[in-house]
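The values are calculated or read from the model by the stated rules, or taken from the named source; none is laboratory data. Every value quoted in this text rests on a predicted model; they were computed, and no experiment measured them. As a convention, Cβ positions derive from the backbone with ideal geometry for all residues, glycine included, and neighbour counts pool all protein chains shown. Remember, those area values only see protein heavy atoms, side chains included, never the ligands or the DNA or RNA. Shrake-Rupley method; radii C 1.70, N 1.55, O 1.52, S 1.80 Å.
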Amino acid sequence: MFKYIFENFIFNNLLKIFLHIFYFLGKNIFKTSLWKLYKIINFIFYILYFIFFIERSHGNLFFQKCHNNFMNKLFTLLKNTFYPNNEEYYDFTLPENEIENSENTETNSSENILTKTNKTPSETNSSNIKIDGINSEKDPKNVFPSLSINLDFLKVKYNTLINSDIVVREFTLNARNKQYNAFLIYIDGMVDTKIINDFVLEPLMLKNKANSYDGNEVKVVSEAISNNITVRKVKKFDLVDYIYNSLVPQNSVKKKQSFSDILSDVNIGNCLLFVDTIDTAFSIDAKGFKQRSVDSPKNETVIRGAQEAFTEAIRTNTSMIRRFVNNENLVIESLSIGKVTKTQCAVCYMKDIANDDLVAEVKYRLNNLDIDSIISSGQLEQLIEDNSKCSLPQMLSTERPDKAANHLLSGRVVVIVNGSPYVLIMPCVFVDFLSSAEDPNLKFQYANLLKFVRLVAFFITLLLPGLYVAITNFHQEIIPTELLFAIVASRESVPFPIIVEILAMEISFELIREASLRVPSPIGTTIGIIGALILGQAAVEASIVSPILIIIVAITGITSFAIPDFYLSFHLRIVRFLYIIAGFLAGFLGIGIVLFSHLVLLCSLKSFGVSYLAPFVPATSKNNKAYFMPPFWNREKRPDFLNTKRPQKEARISMKWKYKIGGNNGN
């Protein structure tokens, strides 16, 4: 019985726990290697074996057997735990005869795709290209003049034997009374089939005036008459230019020669045309996939302001920004990120306003990302921010095109990621995260009142729980006597210390907030009511927490919702626990130390070369308004920490109707 318990319980359960503890202590504290740890355990076991042999000589055979069994299992466990083998063995339930049949089927299918060898016209791909049914040894870079090779390569690349949404349409193209073999490739569901039928296939397949005149005719480029002699400059017939200029009546057609560009265009919803005897493909914009229409903002709601938000389509977002900016100096550069997804991104900036070094820095970071995939702007933000280990937000994200346009006109850069309804604005300073999209639309008195309220909410969210813990533990003398008696009376029947109370309530509040966000909207409101009223009241009546602590946590939670930026609110929710612990350990001294460390972090942080606390640290021009907003007619300069090309955005006298002065600009 002892042997059964020893081998099955000790080896399979407790041993794993002890080994992890020993390994952690040996590696991180005593700096002992894994092999030394194994030797130490083996040595201890030999000592136990010696003692056991002295005291009970008749039991040495059993102990030696246990020792060998133990050390073998120990070595296997150490090897599997800390040095796992990458080669995994999978026990499939599929019978072997079915596996052989499937392999034979794949082999027969791959034999239909011939192994071909060719060279591009520029002979850049001089090596042989072997195309098989599974993978190619070396993918060609450019399009081949032979249509069959291009067709076979794309069929292999897109796995057309098993992919059901890849469409390859082969047909005969008419051009100048000659016929050429051609094919189209596109993804079903991402293109508009009506566009392909009416504006691609019909002009190319049916005979018309554009493709049926004499093939010997040449194009006259210029004509001149000199001494009764007519001199004509003609251009030799070129099939590529002829198809591009005459046969495809589509507004967006691009010539492509690289297979990487061709694959990217097919993946984003374009239709690719290949024609025999030419080494150029035509990328035809025929997108027709379903997408979300422009809707009102969900998170950044305003009373006076635009009631439309960004969508997941990058071209819809760029058009909305152009509509707000309405200037030819707005530059929108496109680039792709990710070796697998090749996600389209757009870098937007004002050419005559934004600092060239800032634009170059943004593009440098975007172009030097070696990753496989990127799906959203939140992922991109984590890859290009200055300090990725800091929880403070270093870029502004917004779903409002009017807010993005305002920042563009101030000299900042906006980055749009295809598939994400939020755009990134950079660089940003601390005061930007306490500003709302409503502020520019309000009179400065109203806006400054709201900004003051947000500033108060910021300090309450950050410091109130920690101050309560510090005062009740160390500084009771600063509390008025009546209030002190009320606090003592409310906590008289509570069995837990103040730190346990407040941590339990803060964690409970975070759980309620998270639960209300993750469930459907109708149920989320119910969860909030139940958590705030029923559970809170029940906790007070059961003497688990004091009533004043419920008030403290409730006020802190309400003020955290007044922070305009979600990421800054998240940062405050995390740092608030540090202030609570510091207030419990050292009172005001602990809170002061944490606050000082927090300020040091803020002063050292940068966003694309701009100080996070600008224009306060370092102090910049006095003419630059900092946190509170001046009247709209007095916002003459752009932020000087951006070093824009045009610092002045208003004339010194902008309301010329009110002040009659001479000159054109009022200076």
Task: Qualifying residues in the stretch 122-163 (those that are open to solvent by less than 50 Å² (accessible area, probe 1.4 Å) and among the β-branched types (Val, Ile, Thr)) - the one modelled with the lowest pLDDT - done: Ile129
Task: Pairs where the first residue, in the stretch 263-284, is under 14 Å from Val143 (Cα atoms) and the second is part of a loop (DSSP other than H, G, I, E, B) and of a type in the set (A, V, I, L, M, F, W, C), C-beta under 6 Å, 6+ apart - done: Asp279/Val143; Ala281/Val143
Task: Matching entry among Ala614, Ala586 (being surrounded by fewer than 20 Cβ atoms within 10 Å (Cβ to Cβ) and either out of contact with any strand residue (DSSP E or B) (no Cβ under 7 Å at 6 or more places or on another chain) or among the small types (Gly, Ala, Ser) (or both)) - done: Ala586
TODO: Answer yes if at least one residue in the stretch 521-542 is acidic (Asp, Glu) and at pLDDT 90 or above, and no otherwise.
DONE: no
Task: In the stretch 287-335, residue farthest from Leu272 (Cα to Cα) [restricted to those that are open to solvent by 80 Å² or more (accessible area, probe 1.4 Å) and among the polar types (S, T, N, Q)] - done: Thr301
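I'm checking my understanding of the structure. Among residues of the stretch 433-471 that are of a type in the set (Phe, Trp, Tyr) and open to solvent by less than 50 Å² (accessible area, probe 1.4 Å), which one is nearest to Ile580 (Cα to Cα)?
The selected residue is Tyr468.
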Task: Scan of the stretch 350-376 for residues that are over 20 Å from Leu642 (Cα atoms) and open to solvent by 10 Å² or more (accessible area, probe 1.4 Å), ordered by number - done: Asn367, Asn368, Leu369, Asp370, Ile371, Asp372, Ser373, Ile375, Ser376
TODO: Within the stretch 409-432, identify whether any single residue is open to solvent by 10 Å² or more (accessible area, probe 1.4 Å), in contact with a Phe, Trp or Tyr (Cβ under 7 Å, 6 or more places away or on another chain), outside any strand (DSSP E or B) and among the charged types (D, E, K, R), and answer yes or no.
DONE: no
Task: Residue under evaluation Asp386, criteria (1) open to solvent by 20 Å² or more (accessible area, probe 1.4 Å); (2) out of contact with any Ser or Thr (no Cβ under 7 Å at 6 or more places or on another chain); (3) over 15 Å from Met350 (Cα atoms), criterion not met - done: (2)
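Just give me the residues in the stretch 254-278 being over 15 Å from Tyr242 (Cβ atoms) and acidic (Asp, Glu), in sequence order.
Asp261, Asp265
Take the residues in the stretch 209-268 that are of a type in the set (Asp, Glu), open to solvent by 40 Å² or more (accessible area, probe 1.4 Å) and not in a loop (DSSP other than H, G, I, E, B), then tell me which one is modelled with the highest pLDDT.
Asp261
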